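Comments concern the structure below.
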Amino acid sequence: MTHSTDKNPRYKWQKRDFLLVLDLYFREGMLPETDIRVIELAKLIPPSPGSINARLANYVARDPKSGRKGLSGGGKDAGKYLDEYYDRRKELSQLCEAIKADLIQVAAQPDDHAILFDGPRRSAQTYVYDRNQKAKDICKKHYGMKCFVCDFDFEMAYGKIGEGFIHVHHLRPLSEGKEQSEIDPIKGLRPVCPNCHAILHRDPKNVLSINQLKSKVKFTVNYQ
């Protein structure tokens, strides 16, 4: 089996990369490098689809219940994280959602490297948006589709094509703390438009509250 090289041959895998691929393995098992789920993850982190595929094969080889040969090697980190989270898969899934959210927030910030990563990370945002969909649906059903910050309503602005579209913001950032708790869709989530969502998280170290950003809005939406 051949694997395409990393986008940066000198790139050293970080803990987040191991965990994101491990979460993918726990959820989907072994996947080819051409699988859309592998490709989407590669758009979010430096390792290429081929390298992610190889890491999946490392986990297969080290998984005592896989029943498959997999690919030996992968370094001590692969085995360490597999052992650490083997019986903590739900916690790992929640942690990885927070990691992805943080990566997307960084991508939304304008910097010298935005031209390198902006496109891939926007497409990955859809992937994250689909996670915890039940909680987000409950939130949207309860609060409606109008942005809690600026009152923007996609259906009012764009008609049928905008019907049912809105982002959902976690009042408590998912990345806070090592352990994640169950989220209350009514108390812990709010619908916000993508622009306001990006501004809320523009500084990952100082995420704004809904009210803080609402006080800074300088326009009023008028659909007439």
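The values are calculated or read from the model by the stated rules, or taken from the named source; none is laboratory data. Just so it is clear, the structure is predicted and the values come from calculations on it, not from any experiment. No Cβ is skipped: glycine too gets one built from the backbone with ideal geometry, and neighbour counts run over all protein chains shown.
Restricting Ala78, Ala107, Ala101 to residues that are buried (at least 18 other Cβ atoms within 10 Å of the Cβ), at pLDDT below 90 and in contact with a Ser or Thr (Cβ under 8 Å, 6 or more places away or on another chain) narrows the list to Ala101.
The listed residues are Leu22, Leu44, and the only one of them that is closer than 21 Å to Gln94 by Cβ and modelled with pLDDT of 90 or more turns out to be Leu22.
Identify all residues within the range 118-176 that are among the small types (Gly, Ala, Ser) and modelled with pLDDT under 85; write none if there are none. Result: Gly119, Ser123, Ala124, Ser175.
Among the residues of the range 200-216, those that are more than 17 Å from the chain's Cα centre (by Cα) and either polar (S, T, N, Q) or surrounded by 16 or more Cβ atoms within 10 Å (Cβ to Cβ) (or both) comprise Asn206, Leu208, Ser209, Ile210, Asn211, Gln212, Leu213, Ser215.
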